[in-house]
DNA sequence: CTCCCTGCAAAGCTTTTGCAGCCTA
DNA sequence: TAGGCTGCAAAAGCTTTGCAGGGAG
């Protein structure tokens, strides 16, 4: 935990951003809720529990900044809210998502399923891929089991 | 063109929605701009050229309705605006997108690149896939060529 | 001392909703 | 004539911006 924070701090410093307490608090909330896909407001509320004086605008600005230096990825699941996802340590691609259309849960697939597909796209469509967004919509394991009862 | 409109009309009728002139105008704009990825406002402005009395709210309601009966797919490329894409005739999946991070252009890949990946996800993660969203971010052919000069 | 950063409030956008009137079946 | 549909305007989010104050280097 602490070493991941340290790495992120280093990366921010390298990009010549200051390591303010508000920014560190934001990073901590993201780390503590890595499995979730928090919106800016979610992050704001969680930070507020410990640091009530923080402003929502600062959270937005920090998340934007973290996106810019590739520490988090922005994603939207179509509910009109941007969500922020920590990039996995050492990951060189944005992980995939499974969105359940029944219960709304969002799971992650960290394994990169796309290298072959990407090779194909790069040659066939002459497009140099930097990143991807892959989301499956369907019925999750739990809802499938509930249905069968 | 006319026969595709007819098919869409049939589908709306089948879902017991009325075929008002405003709805037909919306469908026509989508068909005439199939290569683009229009936002609700884009559609609204294009309809207004021919039918100035239409309201923006109606456009939103119509697009929502068309999404519901699977005539269009909603997608967001992260600029905070929902865009609407006609589902290709006979397509049983939502086509993929190539978003250029330099010029902002959005191209489509109609070929379904994911069947193998989906089979893997369904068995390995026990998730029943209904649909997908796949977008690649990178440098398009044109920008790549421009760079090399 | 300078410049970056922050909090607050206001503004900006996109999208949704309430409502009265209209049209059609 | 009942119900769905529409236009307008207002409301409701989410996100960004302006600004003055504050703090770190």
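Only the coordinates and a few stated rules stand behind these numbers; no lab work does. Remember, it's a predicted structure, so these values are computed and weren't measured experimentally. As a convention, Cβ positions derive from the backbone with ideal geometry for all residues, glycine included, and neighbour counts pool all protein chains shown.
Observations on the structure shown:
- A label point on residue B:103, set 7 Å along the Cα-to-Cβ line, lies at 4.6 nm from each of its counterparts in the other copies, closest listed first.
- Each of A:59, B:121 was scored by other Cβ atoms within 10 Å of its Cβ. Listed from fewest to most, they are B:121, A:59.
- Of all beta bridges that DSSP places with both ends in the protein assembly as shown, some 80 percent have antiparallel geometry.
- Antiparallel %, DSSP beta bridges [both residues in the range B:93-149], to 5: 50
- Relative to its residue count, chain B spans a Cα convex hull of 151 Å³ per residue.
- Separation between Cα centres of the range A:81-149 and the range A:17-65, rounded to whole Å: 24
- Rounded to 5, percent antiparallel among DSSP beta bridges of chain A: 75
- Each other copy holds its own label point for residue B:3; taking that point as 7 Å from Cα along Cα to Cβ, the gaps run 6.5 nm, nearest first.
- Nearest-ten-degree value, helix A:40-50 long axis tilted from longest Cα axis of chain A: 40
- Compared with the dominant Cα axis of chain B, that is its longest principal axis, helix B:2-14 is turned about 80°.
- Helix A:21-32 axis versus longest C-alpha principal axis of chain A: approximately 30°, rounded to the nearest ten.
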